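Take a look at the structure set out below.
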Amino acid sequence: MRQTIISIFLMLVGAATLFANTGKAEVVSFTGKAEYQTAQGWEPLAVGTVLDQGTVISTGFKSSVVLAIGESRYTVAALSRITIDKLTENDSNYDTEMSLSTGKLKMDVKSRPGKSTAFTVRSPTATASVRGTSGILDVTGNLQSLTGTWSMAANTPNSKPILVSGTQSAKITEPQKIETPQQTAQSNATIAVSTTTSLAASEGVAVAGVVATTPAPVVPPVATPAATPALPTTGSIEVTIQLPK
């Protein structure tokens, strides 16, 4: 009986492996210099290039590349490097994982009818995952949601994931602490008010009830001419008179 159960289990594992195929990522557009790493070294990317799981992609200055995986689109920004860690596909879903080493990655994750999409991206400081939405993550752990809802957590053992929805943003602060969308919005507002007030003060205008006065003009000091040395008030004169003989 035990041998029968083990045999059935192995058959199920084999069937799951059979139907979970390695997916493909295809380059649909690029600008500037974009490369991917192969066994022979770095090769230039071109429209139509098909990339496998484990591929490393790098972009140069003023460059970008757009990858298509099913209905989803992933834009690797300039001066960025990503690794396609997982790329699987079966009859019911796509499962994709990427690592962002440097730069920024924009993600537009979509599902096609009858087929779901699971996506996870990791930076050195944060991990974000989603099922059908869009957003932007940079290497420092700043996440900007564009649509849908993201689950985000810091890359620490005790970090609890938070939800980032709609057009909210969240970020990782030092040391490895996640800042909620509400905290991020508040800190951004504080920075904006501080910047606006400083600018208003320098230009002598009033902003949001803060009256900024124009500073008094600075008059350069007038140089004092060097003092004329005083003439002596006392002295003596020697006169010699020669009489004729």
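The values are calculated or read from the model by the stated rules, or taken from the named source; none is laboratory data. Since the structure is predicted, the reported quantities are computational estimates derived from the model, not experimental observations. Because the Cβ atoms are built from the backbone with ideal geometry, glycine has one as well, and the counts that use them run over all protein chains shown. The area values use the complete protein model at the heavy-atom level, side chains included, leaving out ligands, DNA and RNA. Shrake-Rupley method; radii C 1.70, N 1.55, O 1.52, S 1.80 Å.
Structure above, values below:
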| item | result |
| --- | --- |
| Within region 111-184: Cβ-based charge dipole about Cα centre, in debye rounded to nearest 20 (Lys, Arg +1; Asp, Glu -1) | 320 |
| Segments 116-124, 45-53 sorted - mean Cβ within 10 Å per residue, highest first | 116-124, 45-53 |
| Amide H within-cut-off set for residue 78, under 5 Å, with H built and near neighbours excluded | 63 |
| Of all accessible heavy-atom area on region 15-92, the percent that carbon and sulfur account for (1.4 Å) | 52 |
| Amide H partners (placed H, <5 Å) of residue 94, local residues excluded | 116, 117, 118 |
| Estimated dipole of region 32-147 in Debye, rounded to 20 [Cβ of Lys and Arg +1, of Asp and Glu -1, Cα centre] | 360 |
| Residue-count net charge about residue 75 - beta-carbon cut-off 11 Å; Lys, Arg +1, Asp, Glu -1 | +2 |
